[in-house]
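**Q** Below you'll find the structure I mean.
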Amino acid sequence: MKKCMVMYSSSTGNTEQMAQAIAEQARKEGAEVVLCPASALPAAELPTITHWALGCSAHGVEELDGDEFLPALAQIEPYLRGKPVLLFGSYGWGSGQWLEDWCARCKEDGAVMQEEPGVMANEAPDDDAIAACNALGAKLAAC
């Protein structure tokens, strides 16, 4: 059985909403899902994860959150090699460069990207963004 990790960092709750939609859909599709904020990463489970969905809102000048998310990402990077990975997140301004850069970083780690660069929501996810997250959840369970 697939064991999917949906790990996220969300400063306003927008990326958390996206994570919940992805996890809910993956569960509906029959996958076992671990949904967790980056600050509560269950280290003991990392070797058992077969599929990854990672979410982080854009911070600063289109960067990943350095306080909570980057330390968790550094911890999981060795487990991404050869595994299906999907990215998602929200932003308030900019063009989505943080997601492009992050996608490139995951590819350098050997991740098998399933959708490039991933799903973005400008501010709170609207119906279209939630539908895109549901599609990511289905893809996570199917890949």
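**Q** Taking θ as phi - 60°, what are the ³J(HN,Hα) couplings along the range 124-140 by the Karplus curve (6.51, -1.76, 1.60), each to the nearest whole Hz, with x for Gly and Pro?
**A** Whole-Hz 3J(HN,Hα) from phi for the range 124-140: 5, x, 8, 4, 5, 5, 5, 4, 5, 5, 4, 5, 4, x, 5, 5, 4.
**Q** Let me ask something else about it. So for the pair Val112, Arg81, with labels modelled 7 Å out along Cα→Cβ, what separation do we get in nm?
**A** 1.5
**Q** In addition: Taking every DSSP beta bridge that has both residues in the chain, what percent is antiparallel when rounded to the nearest 5?
**A** Values: 1 of 23 bridges.
Percentage antiparallel, nearest 5: 5.
**Q** Follow-up question, since we're still on this one. Measuring with a 1.4 Å probe in the full set of protein chains, what accessible area per residue, in whole Å², belongs to the chain?
**A** Numbers: 6310 Å² over 143 residues.
Ligands and nucleic acids excluded, the result is 44 Å² per residue.
**Q** Taking amide H positions as placed 1.01 Å from N in the peptide plane, with prolines and chain starts having none, which residues 5 or more places from Glu29, or on another chain, fall under 5 Å of its amide H?
**A** none
**Q** Let me ask another. Sort 9-19, 39-49, 58-68 by packing, meaning the average of other beta carbons within 10 Å per residue, with the highest value first.
**A** Those peptides, ordered most packed to least, come out 9-19, 58-68, 39-49.
**Q** Please report, in debye to the nearest 20, how large the charge dipole of the chain is about its Cα centre when each Lys and Arg carries +1 at its beta carbon and each Asp and Glu carries -1 there.
**A** Values: 9 positive and 21 negative charges, 143 e Å.
That gives the chain a dipole magnitude of about 680 debye.
**Q** DSSP loop (so not H, G, I, E, B), at most 12 other Cβ within 10 Å: list which chymotrypsin sites (Phe, Trp or Tyr not before Pro) in the range 28-96 pass both filters.
**A** Details: sites: Trp52, Phe69, Tyr79, Phe88, Tyr91, Trp93; in loops: Trp93.
Passing sites in the range 28-96 are Trp93.
**Q** Counting only protein heavy atoms, what percent of the accessible surface of the range 101-143 is carbon or sulfur at a 1.4 Å probe?
**A** Details: 960 of 2080 Å².
Roughly 46 percent of what the probe reaches on the range 101-143 is carbon or sulfur.
**Q** Using all Cα-Cα distances in the chain, what percent lands in each 10 angstrom bin from 0 up to the longest?
**A** Calculated P(r), rounded to whole percents: 13, 49, 34, 3.
**Q** Quick one: Karplus J couplings for the range 87-93, per residue in order, coefficients 6.51, -1.76, 1.60, θ = phi - 60°, nearest Hz, x for Gly and Pro?
**A** 10, 7, x, 10, 8, x, 7
**Q** Now, a different point. From the Cα gyration tensor of the range 82-122, with a ≥ b ≥ c the square roots of its eigenvalues, which class applies: rounded if a/c is under 1.5, or else prolate if a/b is larger than b/c, or else oblate?
**A** Working: a/c = 3.51, a/b = 1.99, b/c = 1.77.
Prolate, because a/c is 1.5 or more and a/b exceeds b/c.
**Q** Turning to a different aspect of this structure: Amide H of Leu35: which non-local residues (sequence gap of 5 or more, or other chain) have their own amide H closer than 5 Å, using H built in the peptide plane?
**A** Placed amide hydrogens put Val6 under 5 Å from Leu35.
**Q** Here is a follow-up. Rounded to whole Hz and in sequence order, give me ³J(HN,Hα) for the range 34-50 from the Karplus expression 6.51 cos²θ - 1.76 cosθ + 1.60, θ = phi - 60°, writing x for Gly and Pro.
**A** Per residue, the Karplus-derived 3J(HN,Hα) values read 9, 9, 8, x, 4, 6, 10, 4, x, 3, 5, 8, 3, x, 9, 7, 9 Hz.
**Q** Related question: Rounded if a/c is under 1.5, else prolate if a/b beats b/c, else oblate: with a ≥ b ≥ c from the C-alpha gyration tensor eigenvalues square-rooted, which is the range 18-69?
**A** Because a/c hits 1.5 or more and a/b fails to exceed b/c, the range 18-69 counts as oblate.
**Q** Measure off, as a whole percent, the carbon and sulfur share of the 1.4 Å-probe accessible area of the range 1-84, all protein chains present.
**A** On the way: 1770 of 3660 Å².
That share works out to 48 percent.
**Q** State, to one decimal in nm, how far the label point of Leu46 lies from the label point of Glu123, with both points 7 Å from Cα in the Cβ direction.
**A** A separation of 3.7 nm, rounded to one decimal place.
The values are calculated or read from the model by the stated rules, or taken from the named source; none is laboratory data. None of the values given here were measured: they were computed from a predicted structure. Here the Cβ is made from the backbone with ideal geometry for all residues, glycine too, and neighbour counts use every protein chain on show. Only protein heavy atoms, including side chains, enter the accessible area calculation; ligands, DNA and RNA are left aside. Shrake-Rupley method; radii C 1.70, N 1.55, O 1.52, S 1.80 Å.
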